[in-house]
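Below: the structure, in structure tokens.
The values are calculated or read from the model by the stated rules, or taken from the named source; none is laboratory data. Keep in mind that this is a model prediction, so the values were computed, not measured. No Cβ is skipped: glycine too gets one built from the backbone with ideal geometry, and neighbour counts run over all protein chains shown. Only protein heavy atoms, including side chains, enter the accessible area calculation; ligands, DNA and RNA are left aside. Shrake-Rupley method; radii C 1.70, N 1.55, O 1.52, S 1.80 Å.
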Amino acid sequence: MDAKTTRRIKENIAFEAARTNPPAGFPRLPDIAAARYIDPQFLELEKQGLWKRSWLYAGHTSQVAEPGSWLLTRNTGTPILIVRDLQGELHSFYNTCRHRGGPLVTEEAGQSRGFVCGYHGWSYTLDGQLKSVREKRDFVDLDFACRSLLPVRCETLGGWIFINEDP
Ligand code: FES
């Protein structure tokens, strides 16, 4: 996240914390219908239109402080891995193997030098590249470069980690 964006976010936070009335010119709104909180269709709309397109808190850098440490978050409704690679860089991926979609991890957090899918053993580096497959002779035209883990946008602000599913 660049300095200008960080400053704008901080200014907005300060503005919201300081105001005691709706902003000038803000229209009077009707009460919110109770269905807004219990209607499954509205929830789905909210997921697609808001939560899948927003920066959401995923964890703190102290949770993935060491090279190889990772955590699993479900804050967006989809399991997403946050990983620190051996060079110290943070990455974020869907917790989904590029073979048949098996989960790469099933625990909430851990430490490893890579990920091996429990279904058929495809293995990935910490930065998400497909490294090896079992029975390679059966995957004649497999292009490893096209089977990296699918990334999710991941940024930090201070020590906080945020992810955004909207590329
Ligand atoms: S689903 Fe992961 S190796 Fe097959």
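How much solvent-accessible surface does residue 120 expose, in Å² to the nearest 10, with a 1.4 Å probe and all protein chains in place?
Counting only protein heavy atoms, residue 120 exposes about 90 Å² to solvent.
So how exposed is residue 138, as accessible area in Å² (1.4 Å probe, rounded to 10)?
Approximately 100 Å² of residue 138 is accessible to the 1.4 Å probe.
Sort by residue number and name the cysteines in the chain that have no neighbouring cysteine Cβ under 4.7 Å.
146, 154
Whose amide H sits under 5 Å from the amide H of residue 157, counting only residues 5 or more places off or on another chain, with H placed in the peptide plane?
The answer is 162.
Stretch residue 106-residue 12 to full length: gain in nm at 0.36 nm per residue minus the Cα-Cα span?
30.1 nm
Using only the alpha carbons of the range 21-167, what is the convex hull's orientation-averaged projected area in square nanometres?
Its average projected convex-hull area is 12.5 nm².
Let's see if you can work this out: charge +1 on each Lys and Arg Cβ, -1 on each Asp and Glu Cβ, no other charges. What is the dipole magnitude of the range 26-93 about its Cα centre, in debye to the nearest 20?
In debye, rounded to 20, the range 26-93 gives about 180.
Once the whole set of protein chains is in place, how much accessible area is left on residue 117, using a 1.4 Å probe, in Å² to the nearest 10?
10 Å²
What FRET efficiency comes out for the pair residue 28/residue 61, r = Cβ-Cβ distance, R0 = 35 Å, nearest 0.05?
Efficiency at R0 = 35 Å is approximately 0.25.
DSSP loop trypsin sites (Lys or Arg not before Pro) in the range 72-112 with at most 16 other Cβ atoms within 10 Å of their Cβ, which ones?
Hits after loop and neighbour filter: 74, 100.
Please calculate how many Å² of accessible area the range 56-164 carries per residue, with a 1.4 Å probe and no DNA, RNA or ligand atoms counted.
54 Å²
Explain nothing, just compute: Karplus ³J(HN,Hα) = 6.51 cos²θ - 1.76 cosθ + 1.60, θ = phi - 60°, for every residue of the range 101-108 in order, whole Hz, x for Gly and Pro.
Couplings: x, x, x, 7, 10, 10, 8, 7 Hz.
If 57, 124, 37, 94 are ordered by their accessible area, calculated over protein heavy atoms with a 1.4 Å probe, which sequence runs from highest to lowest?
Largest accessible area first, the list is 37, 57, 94, 124.
With the full set of protein chains in place, find how many percent of the accessible area of the chain is carbon and sulfur; take the probe as 1.4 Å.
53 percent
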